[in-house]
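The values are calculated or read from the model by the stated rules, or taken from the named source; none is laboratory data. Keep in mind it's a predicted model, so treat the numbers as computed, not measured. Cβ atoms come from the backbone with ideal geometry, glycine included; neighbour counts cover every protein chain shown.
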Amino acid sequence: MEARAINKYIPSSPRKMRLVVDLIRGMSVEKAIEVLHFHTKHASNDVETTLRSAVANLLNNKDTARTDTADLFVKEAYVDQGPTIKRISPAPMGRAYKIRKRSCHLTIVVATKAEN
């Protein structure tokens with residue numbers, strides 16, 4: 001059994017988010033939550049929230065049997081680029097610098113180890 005959670009339009013660049021997501025890919029859910037909770041990068045908060053949502057989705061989907069969170073692992077975790085907001089900042093001699101405020105979409109899929 002597997003479940004996914006998608007968090008869209010996160011106001012962080014995909015490059016920064018991928019640094020955190022690469023840490024937890026393939027890890028057990030309990031270990032991944034522990035790593036994310038104490039990680040210093042700001043993106044770890046959004047990843048932890050999305051991971052907890054994916055676990056909750058799995059527990060709510062499965063009606064027939066109880067699933068222990070110790071049996072779950074992060075099957076897939078990836079970051080896609082979202083829309084970029086373009087702004088202009090004043091520069092010397094009447095010029096203008098472009099500022100690109102990037103966003104990203106985060107997808108996390110959790111599954112039970114027996115299905116692996």
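Any residue at all in region 94-110 that's part of a strand (DSSP E or B), hydroxyl-bearing (Ser, Thr, Tyr) and either on the phi > 0 side of the Ramachandran plot or under 22 Å from the mean Cα position of the chain (by Cα) (or both)? Explain how you work it out, then say what you get.
Taking region 94-110 first, the residues part of a strand (DSSP E or B) are 96-101, 104-110.
Now drop any that are not hydroxyl-bearing (Ser, Thr, Tyr), which leaves 97, 107.
Filter again for either on the phi > 0 side of the Ramachandran plot or under 22 Å from the mean Cα position of the chain (by Cα) (or both), leaving 107.
Yes, region 94-110 has at least one match.
Step by step: first the residues of region 42-92, then only those that are assigned to a loop (DSSP other than H, G, I, E, B) and over 19 Å from the mean Cα position of the chain (by Cα), then the one that is nearest to THR107 (Cα to Cα). Which residue is that?
Taking region 42-92 as the starting set, the residues that turn out to be assigned to a loop (DSSP other than H, G, I, E, B) are 42, 62-68, 82-84, 91.
Keeping just the survivors that are over 19 Å from the mean Cα position of the chain (by Cα) gives 62-68, 91.
On the way: LYS62: 20, ASP63: 23, THR64: 26, ALA65: 25, ARG66: 24, THR67: 22, ASP68: 22, ALA91: 38 Å.
The extreme case among them is LYS62.
Quick one: which residue in VAL79, VAL55, VAL47 is surrounded by 16 or more Cβ atoms within 10 Å (Cβ to Cβ) and at pLDDT below 95? Spell out the reasoning first.
Numbers: VAL79 fails: at pLDDT below 95; VAL47 fails: at pLDDT below 95.
Selected residue: VAL55, the only one of VAL79, VAL55, VAL47 that is surrounded by 16 or more Cβ atoms within 10 Å (Cβ to Cβ) and at pLDDT below 95.
Just wondering, is there one or more residues in region 77-94 that are in contact with a Lys or Arg (Cβ under 7 Å, 6 or more places away or on another chain) and of a type in the set (Lys, Arg)?
yes
Output the residues belonging to region 10-26 that are of a type in the set (Val, Ile, Thr) and either surrounded by fewer than 19 Cβ atoms within 10 Å (Cβ to Cβ) or outside any helix (DSSP H, G or I) (or both).
Taking region 10-26 and keeping what is of a type in the set (Val, Ile, Thr), we get 10, 20-21, 24.
Answer for region 10-26, where residues must be of a type in the set (Val, Ile, Thr) and either surrounded by fewer than 19 Cβ atoms within 10 Å (Cβ to Cβ) or outside any helix (DSSP H, G or I) (or both): just ILE10.
Identify, please: which residue in region 82-116 is at pLDDT 95 or above and basic (Lys, Arg) and is, among those, nearest to ILE6 (Cα to Cα)?
By that ranking, first place goes to ARG102.
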